[in-house]
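Notes to accompany the following structure.
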Amino acid sequence: MVTVTICVGSSCSVRGSDELASTLEKLIEIEGLNNQVELVGAFCMELCSMGVSIRVNERQYREIHPEDAEQFFYEEIVPLVRG
């Protein structure tokens with residue numbers, strides 16, 4: 001199971017975390033990875049000035065924008081699942 005945690009705190013929210021989460025959720029569904037990728041929210045990941053912050057398992061990413069969602073998904077998440 002790959003766990004993807006997206007900061008939904010106020011700083012990341014204004015930078016598009018809701019839209020980013022929605023896009024990732026759709027991509028997980030499209031690729032049929034519902035049983036292999038868990039998408040969760042966190043209120044603060046302590047990188048507020050560098051949002052949107054995302055953690056995939058234990059690896060932290062920052063400054064991920066909604067328009068980067070598809071590329072991020074296929075480059076960072078899918079390889080972990082399909083190894």
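The loop-placed chymotrypsin sites (Phe, Trp or Tyr not before Pro) in the stretch 35-83, going by DSSP, that have at most 11 neighbouring Cβ atoms within 10 Å of their Cβ come out as F43. The C-alpha atoms of the chain define a longest principal axis, and helix 17-30 lies at about 0 degrees to it. Rounded to the nearest 0.05, the FRET efficiency derived from the C-beta distance between N57 and E31 at R0 = 25 Å is 0.90.
List the GluC sites (Glu not before Pro) within the stretch 33-83 that DSSP assigns to loop and that have no more than 15 neighbouring Cβ atoms inside 10 Å. Loop-located and lightly packed - E46, E58, E63.
Since every read-out is calculated from the coordinates, none of them should be taken as a lab result. Keep in mind the model is a prediction, meaning the values are calculated, not measured. Glycine also receives a Cβ, built like all others from the backbone with ideal geometry; neighbour counts cover every protein chain displayed.
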